[in-house]
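K.L.:
Below is one structure. I have some questions about it.
The values are calculated or read from the model by the stated rules, or taken from the named source; none is laboratory data. These numbers come from a predicted model, not from an experiment. Don't worry about glycine lacking a Cβ; one is built from the backbone with ideal geometry, like all the others, and counts go over all protein chains shown.
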Amino acid sequence: MTYCVGLLLDQGLVMAADTRTNAGVDNLGRFKKLHTWSKPGERVFVLLTAGNLAITQAVVSILSEGTAAGKRKGGALNLFSAKTMFQAARVVGRAIRDVKKIDGEAISASGDSFSASFIFGGQIGKEPPRLFQIYGAGNFIEATADTPFFQIGEH
């Protein structure tokens with residue numbers, strides 16, 4: 001049971017997530033669901049996660065390993081090499097699809113669904129802050145003046 005919310009304001013972003021996980025009556029735990037990556041003065045990213053914890057942790061690990069590796073010549077785009085927030089959101093979507101490609105069939109075979117959702121926000125350089133809701137398929141929508149917030153998890 002998770003609840004996350006991201007708000008796009010005139011002067012920035014507000015992102016919040018709980019830490020409660022409930023996998024049954026006697027199986028309660030606390031896990032971080034708000035993750036950050038930054039290069040001070042250059043870029044900052046925040047990812048909120050809800051859904052299957054193994055899936056969301058795998059996505060976070062892929063993103064973290066990508067930023068640690070840096071961009072090699074001919075290498076894949078990562079959060080630190082993306083030139084725009086749109087490109088960064090595509091990096092997150094690709095990580096989700098990579099996890100689904102590796103684990104999706106096994107998850108389905110066990111009777112579970114590939115269930116994960118994400119709120120991703122941040123800023124690169126002088127670009128205004130942007131906010132995205134990213135679905136389990138890796139596709140996403142962007143917050144607008146009409147709908148400047150997203151919520152995922154238990155509503």
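K.L.:
Would you pick out the residues in the range 114-131 that are surrounded by 12 or more Cβ atoms within 10 Å (Cβ to Cβ) and either over 12 Å from the mean Cα position of the chain (by Cα) or farther than 24 Å from ALA17 by Cβ (or both)?
P.N.:
As a first pass, look at the range 114-131 and keep what is surrounded by 12 or more Cβ atoms within 10 Å (Cβ to Cβ): 114-124, 127, 129-131.
Within the range 114-131, PHE114, SER115, GLN123, ILE124, GLU127, PRO129, ARG130 qualify.
K.L.:
Let me spell it out: the conditions are (1) in a loop (DSSP other than H, G, I, E, B); (2) closer than 19 Å to SER64 by Cα, and VAL92 meets all of them except one. Which number is the exception?
P.N.:
(1)
K.L.:
Here is a further query. So how many residues does the range 125-140 have that are farther than 13 Å from ARG90 by Cβ and either in a strand (DSSP E or B) or polar (S, T, N, Q) (or both)?
P.N.:
Number satisfying all stated conditions: 2.
K.L.:
Further question on the same structure: For ASN78, which of the numbered conditions (1) part of a strand (DSSP E or B); (2) modelled with pLDDT of 90 or more; (3) in contact with a helix residue (DSSP H, G or I) (Cβ under 7 Å, 6 or more places away or on another chain) fails to hold?
P.N.:
(1)
K.L.:
Every residue in the range 36-50 that is touching a residue at least 60 places away in the same chain (Cβ under 8 Å) and under 15 Å from PHE120 (Cα atoms), please.
P.N.:
Of the range 36-50, the ones touching a residue at least 60 places away in the same chain (Cβ under 8 Å) are 42-50.
ARG43, VAL44, PHE45, VAL46, LEU47, LEU48, THR49, ALA50 - these are the residues of the range 36-50 that are touching a residue at least 60 places away in the same chain (Cβ under 8 Å) and under 15 Å from PHE120 (Cα atoms).
K.L.:
Just need a number here: residues in the range 141-155 that are among the charged types (D, E, K, R), touching a strand residue (DSSP E or B) at 6+ places or on another chain (Cβ under 6 Å) and not in a strand (DSSP E or B). First the steps, then the outcome.
P.N.:
Residues of the range 141-155 that are among the charged types (D, E, K, R), as a first pass: 142, 146, 154.
When the remaining residues are screened for being touching a strand residue (DSSP E or B) at 6+ places or on another chain (Cβ under 6 Å), the result is 142, 154.
Right, trim to not in a strand (DSSP E or B) and you get 154.
Within the range 141-155, residues that are among the charged types (D, E, K, R), touching a strand residue (DSSP E or B) at 6+ places or on another chain (Cβ under 6 Å) and not in a strand (DSSP E or B) number 1.
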